[in-house]
Number of protein chains: 2
Amino acid sequence: MRILFSVLLVAFLSACAGTPPLRGTGDLALIIERASGHVTLANTSTRQPYARIGGLGDLSHASAVYSRDGRYAYVFGRDGALSKIDMLEGRMVKRIVQSGNAIGGSISQDGRIVVAQNYKPGGIKAFDAETLELLAEVPAEYAPGQFSKVVGLADSPGNKFVYALFDAGEIWVSDFSDPRRPVTQRFPAGQNPYDGLVTPDGRHFLAGLFGEDGVALLDLWQPEKGSRKILEKYGRGEEKLPVYKMPHLRGWSVAQGKAYLPAIGRHEVLVVDVATWKEVGRIPVRGQPVFVMARPDGRQVWVNFAFPDYGKVDVIDTLKGQVAHQLEPGKGILHMEFTPRGENVWLSARDDHKILIYNTENLTRIGEITADAPSGIFFSSRAQRIGF
Amino acid sequence: MRILFSVLLVAFLSACAGTPPLRGTGDLALIIERASGHVTLANTSTRQPYARIGGLGDLSHASAVYSRDGRYAYVFGRDGALSKIDMLEGRMVKRIVQSGNAIGGSISQDGRIVVAQNYKPGGIKAFDAETLELLAEVPAEYAPGQFSKVVGLADSPGNKFVYALFDAGEIWVSDFSDPRRPVTQRFPAGQNPYDGLVTPDGRHFLAGLFGEDGVALLDLWQPEKGSRKILEKYGRGEEKLPVYKMPHLRGWSVAQGKAYLPAIGRHEVLVVDVATWKEVGRIPVRGQPVFVMARPDGRQVWVNFAFPDYGKVDVIDTLKGQVAHQLEPGKGILHMEFTPRGENVWLSARDDHKILIYNTENLTRIGEITADAPSGIFFSSRAQRIGF
């Protein structure tokens, strides 16, 4: 009896101890380890990892969004898988393979609908955020039997999603007010939109064009006015440069009433006034920009680069309108993520197998986390933001 | 033995059951119940309360800020008390009385320093966010033996805090880079600054003036340029109106490159272009504005009013530049809080003893929560924002 009692005691205590510690979810991070199909979970206050999860499949070009409470991350894999991660229990809750070839996703304003954008078959699919049950799909069939790759998907207020069709040269807006019956509007964009962004207020969608110099712009508050083109022929009359990696567009790049956009193939960041949408400047940088990301307060814009300059990072001072700092933080800098109030930035150094953590004020390195060929870094504070 | 075993079994199970459920902290709310010294905790996803905590003292004009992980709320009471609330365990962790008479507080960019602003004795005090240990204080002694009330305290990047001195007519910036040795700069403001705001990017501090028509402006990126006055004499040549309640200024009121500010005593919202800081419009409303708050996407600005119009709420459409909706949601509408992506707004109806929850898209009421004379509503998403 005494032995049984002891055994039971240990069992009960273990059951209690097995409960993950209580913690807030406002300061969590998910790091994609692209080569091995793992994610590492970390804390942005302690700057330490706390869990590692495998079995996520092909994570090249993977991205993640968060549930509105910050507890769950939804990871979109290159192989069409959608994995739901419990950030508190440090485990995968569910995984579905929703397409053959996917390129990211988004979550609705009310947090109830997770949408994946797919290359093959081209289109978007909407899932219940709780169960991952398929709710609806919008095939990107722009002409009978013709399907386009979908890029640049972003959420917009009113449970809408906006995205571009690479092959069709169009921007589509799908309204999921009724999650099982989305209603889609179509707008012309231009030749081969390769990525898109929604401004941080959710009002404007911009699609970068690969087939021509320029950016397509749609005012989502006044869609009846249609899309228009800005930054037309920004490389006019100049020799075309080889493009080593397509740049990324995301809503982080708006600061102080200006948008900072990567010029395709050129060693420049284009500066656009968001009131007029006219180009107001160009800032020379040390390579072909990939990510151009504003610190949340807009004082700095950080830029990383395509091969062969992917060991460099340039930091633009937006007040001076020029590069103020040139860093060489590590090998293969693929991604950057700012803490929500901007005091730190995390950089993934793929070929150093590390996440590098910097104080943005004095540009000193204040920490690092080991990770296997890390690429994307996604903080839980994204749950609170429009356009991701 | 068998009885003992059963008793122990129950005890162990209770111990396990006593652990609060795992939950994310991204969608939590704290509601001030001013009359009875309570706070009610609620969830913005389920729109239901889940805990109620008493013993917080005098909560008239109380406000709250959040730890960077969203787990803890710091409540600043009118009686100078600072209470630390565990949002997961639903209990008060610690309470200190730090002054005789206080009026809100703020938390540093790195989340390590909680600062209270005090009327009596006038000044600010900085506390360790973990332990509430006093780290430093800055008495608002603007002339030998002369202390001012402090108002409008807001955080700014670089662990700085900005605030106005009502009696001194000054703006002070205290740098807590070394938390125990703050360094303070002083700037002239004008007659009787009554409240302040930092723009959402943390760059500009505005102090509304009560002793004269106008607003003092300080560019925190270029403090060497000093403060200047904007909106001077906005009520010029017109009869002074009695002021029933001082309006509040907070960083929510910036939308689409414009700041929407309450005119003191006047039935108007002033519109200012934040690029030039010139007045670009006035919007007539149905009373003396108290809070003028932009929905996070900036498409709407909601306005509540002082007595006798405090049962009304006007909703401005910022694209049209005019009031688009007039609501009469309840009695004694004291405060409004938007969900971080703007799909809902919570209103406190003090004299109805309810929190009213609206869908901002179609202005329908979608829920309510009973509370005892509720005033301030504070969502955990504030943890991620600059200038609160």
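Read-outs throughout are calculated quantities, based only on the coordinates presented, and are distinct from any laboratory measurement. Keep in mind that what you see is a predicted model, and the values were worked out from it rather than measured. A quick note on method: Cβ atoms are made from the backbone with ideal geometry, for glycine too, and the neighbour counts reach across all protein chains shown.
With contacts taken as Cα pairs under 8 Å and at least 6 residues apart, the stretch B:74-175 reaches a relative contact order of 18 percent.
Only helices enter the 222 nm calculation for chain B: every DSSP H run of n ≥ 4 contributes -39,500 (n - 2.57), and dividing by all residues gives -1500 deg cm²/dmol, rounded to 500. Descending by average beta-carbon neighbour count within 10 Å, the peptides B:342-352, A:127-137 line up as B:342-352, A:127-137, the highest first. Once the stretch A:340-388 is represented by equal point scatterers at the alpha-carbon sites, with solvent omitted, what log10 I(q)/I(0) does the Debye formula produce at q = 0.28, 0.31 Å⁻¹? Reported log10 I(q)/I(0), two decimals: -1.03, -1.09.
Ranked from shortest, the separations from the 7 Å Cα-to-Cβ label point of B:Pro144 to its equivalents in the other copies are 9.5 nm.
With viscosity 0.890 mPa s and temperature 25 °C, the Kirkwood radius over alpha carbon pairs of the protein assembly as shown converts through Stokes-Einstein to a diffusion coefficient of 90 µm²/s.
Among the listed pairs B:Lys120/B:Lys278; B:Lys233/B:Lys258; B:Lys258/B:Lys312; A:Lys225/A:Lys312; A:Lys278/B:Lys278; A:Lys225/B:Lys258, a Cα-Cα separation exceeding 31 Å is found for B:Lys120/B:Lys278; A:Lys225/A:Lys312. Between copies, A:Arg52 shows label-point distances of 4.9 nm, shortest first, with the point placed 7 angstrom from Cα along Cα to C-beta. Across the identical copies, the 7 Å label point of B:Lys233, projected outward along Cα→Cβ, sits 5.0 nm from its counterparts, in ascending order. Annotation: peptides A:214-223, B:159-168, ranked by per-residue average of other Cβ atoms within 10 Å with the highest first, follow the order B:159-168, A:214-223. FRET efficiency for the B:Ser36 to B:Ser177 pair, using the beta carbon distance and R₀ = 45 Å, is estimated at 0.65.
Centre-to-centre separation between the Cα atoms of the stretch A:175-192 and those of the stretch B:167-183: 51 Å. Scoring A:101-114, B:275-288 by mean Cβ neighbours within 10 Å over their residues and listing the highest first yields A:101-114, B:275-288. Here the ratio of the Cα radius of gyration of the stretch B:279-388 to 2.2 N^0.38 Å is 1.02. The B:Ala143 and A:Gln48 beta-carbon pair, evaluated with R₀ = 30 Å, returns a calculated FRET efficiency of approximately 0.05. Each of B:Gly202, B:Val173, B:Gly77 was placed along the dipole of chain B (beta-carbon charges, centred on the mean Cα), and the one lying farthest toward the positive end is B:Gly77. Angle of helix B:2-17 to the longest C-alpha principal axis of chain B, folded into 0 to 90 degrees and rounded to 10: 20°.
Please compute the average number of Cβ atoms from other chains found within 10 Å of each residue's Cβ in peptide A:146-153.
0
Note on B:Phe307 and A:Tyr244: their simple-model spin labels are 6.9 nm apart, each label 7 Å out from Cα toward Cβ.
Might you report the magnitude of the Cβ-based charge dipole of the stretch A:342-381 about its Cα centre, with Lys and Arg at +1 and Asp and Glu at -1, to the nearest 20 debye? Display every interim value, and only then the final one.
Values: 3 positive and 6 negative charges, 7 e Å.
Dipole about the Cα centre, nearest 20: 40 debye.
If you build the convex hull over the alpha carbons only and average its shadow over all orientations, what do you get for the stretch B:287-342? Give it in nm² to one decimal. Mean projected area for the stretch B:287-342: 3.6 nm², to one decimal. Computed log10 I(q)/I(0) for the stretch B:43-232 at 0.14, 0.15, 0.16 Å⁻¹: -0.76, -0.86, -0.96, from the Debye equation with unit scatterers placed on every C-alpha and solvent omitted. Each part reduced to its alpha carbon centroid, the stretch B:313-364 and the stretch A:46-68 end up 37 Å apart.
Measuring how big the stretch A:21-150 is from its alpha-carbon positions, Rg and Dmax come out at 15.1, 54 Å.
Distances over 32 Å make up what percent of all Cα-Cα pairs in chain A? Looking at chain A, the distances longer than 32 Å represent 32 percent of pairs. If r is the Cβ-Cβ distance from A:Lys278 to B:Gln185 and R0 is 35 Å, what FRET efficiency results, to the nearest 0.05? In this case the efficiency is close to 0.40.
Taken about its Cα centre, chain A carries a charge dipole of roughly 380 debye when the Cβ of each Lys and Arg holds +1 and the Cβ of each Asp and Glu holds -1.
Compute the relative contact order of chain A as a whole-number percentage, counting only Cα pairs closer than 8 Å that sit 6 or more residues apart in sequence.
Relative contact order, chain A: 12 percent.
One Cα centroid belongs to the stretch B:100-146, the other to the stretch B:215-290; the line between them spans 27 Å.
Taking every residue in A:376-387, how many Cβ atoms of other protein chains lie within 10 Å of its Cβ, on average?
Rounded to a whole number, the mean comes out at 4.
Computed 3J(HN,Hα) for the stretch A:40-46, one whole-Hz value per residue from the Karplus formula 6.51 cos²θ - 1.76 cosθ + 1.60 where θ = phi - 60°, is 10, 9, 9, 10, 7, 7, 7, glycine and proline marked x.
Normalised by the number of residues in the stretch B:189-303, the average gap of Cα pairs under 8 Å and 6 or more apart makes the relative contact order 19 percent.
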